[in-house]
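Asker: Provided herewith is a single structure, encoded as structure tokens, for subsequent inquiry.
The values are calculated or read from the model by the stated rules, or taken from the named source; none is laboratory data. All of these numbers come straight from a predicted model, not from anything done at the bench. Neighbour counts run over all protein chains shown; Cβ positions are idealised from the backbone, glycine included. Surface accessibility is based on the protein's heavy atoms, side chains included, excluding ligands, DNA and RNA. Shrake-Rupley method; radii C 1.70, N 1.55, O 1.52, S 1.80 Å.
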Amino acid sequence: MIDLRSDTVTKPTPEMRRAMMEAEVGDDVYGEDPTVNRLERRAAEIAGKEAALFVPTGTMGNTIGIKLLTEHGQEVVCESRAHILDYELSMVAWFSGCLVRAIPTSNGILSWDEVRRVIKPLGPHAAPTGAIAIENTHNMHGGTVYPPAVIREICEGAHERGIRVHMDGARVFNASAATGLPVSEIVAPVDTVMFCLSKALGAPAGSMLAGPADLIAKGRLYRKRLGGGMRQVGVLAAAGLIALEETPKRLAEDHCNARFLAEGLSRIPGIAVDPAKVATNITIFDVSGTGVAPAQISARLRQRGVLINSINERQMRAVTHYDVDRAACAQALAAVEDALAS
């Protein structure tokens with residue numbers, strides 16, 4: 001089965017499996033798991049932040065990150081199709097007690113001018129702005145990448161107003177591969193950043209939240225409140241260390257495969273996609289011109305050994321990763337053509 005539903009479907013590499021089997025472990029709630037401690041130190045180093053926290057999921061990392069930067073009754077500004085808004089069960093409201101102020105964009109990339117216009121000060125009527133969240137890369141806009149200058153401008157403008165910025169960097173290593181910049185440089189202006197080990201990097205589970213040491217220490221308590229206090233979790237952290245050190249080197253290959261898919265899809269009648277806009281490992285394509293519903297195309301593809309999800313009534317999303325090579329992408333394209341011809 002060729003699985004292009006997400007880069008979360010990868011299997012641990014042989015190196016990860018060996019590291020997991022041989023991992024030195026302890027009780028992480030006591031801070032005594034040496035492999036987790038190494039992972040947190042290395043993640044903080046890569047992110048250029050004072051400290052980092054290992055969490056089970058990206059949703060938990062974003063939830064804690066937003067909570068650390070806000071107070072109940074504030075607003076969090078984000079893009080209108082952001083993951084924290086559409087795919088995290090309203091944790092901004094449920095855990096942080098904040099309202100989302102969503103800004104629609106054409107490509108998922110907020111500008112400071114757009115953000116500036118919706119910022120609200122403390123006053124007797126409107127909820128004040130507590131934080132800004134930016135998603136880099138932006139999932140539902142096809143893996144688009146924030147220009148570093150835009151990140152800096154948003155953060156500088158926010159900080160001048162006493163507002164902090166969180167980056168949902170679930171795929172920030174893809175942003176690094178696309179721009180050629182180290183992750184530390186990309187995330188330097190933001191206050192907190194979450195990045196996933198279990199998406200493009202291919203670890204079986206886990207994400208990291210990085211930021212100032214005092215905030216991360218507080219975040220450790222929020223992790224416990226959310227049920228994320230894990231014990232001998234070095235068996236997962238060991239795979240995360242391999243993911244951090246080894247997988248970023250080959251992410252550009254995923255990006256090339258995503259563009260290959262987009263180029264092939266663009267030649268299929270009824271499918272609309274611009275290969276030039278595929279910046280990383282996500283290809284979103286419009287199938288409305290085929291006259292076949294995305295869900296129906298998805299079902300036909302499954303019968304042909306290919307998994308690609310529909311994301312709405314017009315579009316589908318294909319995500320490349322290290323378990324799908326160029327040959328498999330070519331097979332997937334042939335399956336799409338066959339599915340639409342039937």
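Asker: Provide the per-residue ³J(HN,Hα) series for the range 308-314, in order, calculated from phi with Karplus coefficients 6.51, -1.76, 1.60 and θ = phi - 60°, each as a whole number of Hz, with x at glycine and proline positions.
Answerer: Each residue of the range 308-314 in turn: 9, 8, 7, 10, 6, 7, 10 Hz.
Asker: Next up: Through the Karplus equation 6.51 cos²θ - 1.76 cosθ + 1.60, θ set to phi - 60°, convert the phi angles of the range 22-33 into ³J(HN,Hα) values in whole Hz; use x for Gly and Pro.
Answerer: 9, 4, 7, 10, x, 8, 5, 4, 7, x, 10, 8
Asker: Taking the simple approach of a point 7 Å from Cα along Cα-to-Cβ for both residue 93 and residue 37, what is their distance in nm?
Answerer: 4.2 nm
Asker: Follow-up. So if I place +1 on the C-beta of Lys and Arg and -1 on the C-beta of Asp and Glu, and nothing else carries charge, what would the dipole magnitude of the range 1-157 be about its Cα centre? I want it in debye, nearest 20.
Answerer: Roughly 400 debye, rounded to the nearest 20.
Asker: Sticking with this structure for a sec: Ranked from highest to lowest mean number of other Cβ atoms within 10 Å per residue, what is the order of the peptides 295-302, 116-123?
Answerer: 295-302, 116-123
Asker: Over the alpha carbons of the range 37-157, what is the largest minus smallest coordinate on each principal axis, giving the biggest first in Å?
Answerer: In descending order, the Cα extents are 47, 30, 27 Å.
Asker: To the nearest 20 debye, what is the magnitude of the charge dipole of the range 200-305 about its Cα centre, counting +1 on the Cβ of each Lys and Arg and -1 on the Cβ of each Asp and Glu?
Answerer: The calculation lands at about 520 debye.
Asker: Here's a follow-up. May I have the pair-distance distribution P(r) for the chain, computed from all Cα-Cα distances with 20 Å bins from 0 and rounded to whole percent?
Answerer: Whole-percent P(r) values from 0 Å outward: 32, 56, 13, 0.
Asker: Take each of the peptides 239-249, 330-340, average the number of other beta-carbon atoms within 10 Å over its residues, and list them starting from the highest.
Answerer: Per-residue Cβ counts within 10 Å, averaged per peptide and sorted highest first, yield 239-249, 330-340.
Asker: Here's something else I'd like to know. For the ranges 156-168, 221-233, what's the packing order if you count other beta-carbon atoms within 10 Å of each residue, average per peptide, and put the highest first?
Answerer: 156-168, 221-233
Asker: Probe of 1.4 angstrom, ligands and nucleic acids ignored: what's the accessible area per residue over the range 260-332, in square angstrom?
Answerer: Ligands and nucleic acids excluded, the figure is 44 Å² per residue.
Asker: So if I place +1 on the C-beta of Lys and Arg and -1 on the C-beta of Asp and Glu, and nothing else carries charge, what would the dipole magnitude of the range 154-250 be about its Cα centre? I want it in debye, nearest 20.
Answerer: 500 debye
Asker: Okay, next question. Along the positive direction of the dipole of the chain (beta-carbon charges: Lys, Arg +1; Asp, Glu -1; about the Cα centre), which of 84, 176, 328 reaches farthest?
Answerer: 84
Asker: Moving to a separate point now. Normalising by the residue count of the range 48-118, find the relative contact order in percent from Cα pairs under 8 Å and 6+ residues apart.
Answerer: 32 percent
Asker: If you roll a 1.4 angstrom probe over the protein chains with everything in place, what fraction of the accessible area of the chain belongs to carbon and sulfur, to the nearest %?
Answerer: For the chain, the apolar C and S fraction of the accessible surface comes to 51 percent.
Asker: Let me ask something else. Going through the cross-link list 67/277; 120/218; 224/277; 120/249; 67/199, which pairs have a Cα-Cα distance over 32 Å in this structure?
Answerer: 67/277; 224/277; 120/249
Asker: Given 6, 147, 281, which one lies farthest toward the positive end of the charge dipole of the chain, if we put +1 on the Cβ of every Lys and Arg and -1 on the Cβ of every Asp and Glu?
Answerer: Farthest towards the positive pole: 6.
Asker: While we're looking at this one, here's another question. Any idea of the accessible area per residue across the range 32-73, 1.4 Å probe, to the nearest Å²?
Answerer: I get 36 Å² per residue for the range 32-73.
Asker: Considering amide H positions built from the backbone, and no H for Pro or chain starts, which residues 5 or more places from residue 129, or on another chain, come under 5 Å of its amide H?
Answerer: Amide H neighbours of residue 129, under 5 Å, 5+ apart: 75, 120.
Asker: Right, something else. Any idea of the accessible area per residue across the range 84-162, 1.4 Å probe, to the nearest Å²?
Answerer: 48 Å²
Asker: Here is a further query. With unit charges on the beta carbon (Lys/Arg positive, Asp/Glu negative), name the residue among 73, 136, 163 whose Cα is farthest towards the positive pole of the charge dipole of the chain.
Answerer: The residue sitting farthest along the positive end of the dipole is 73.
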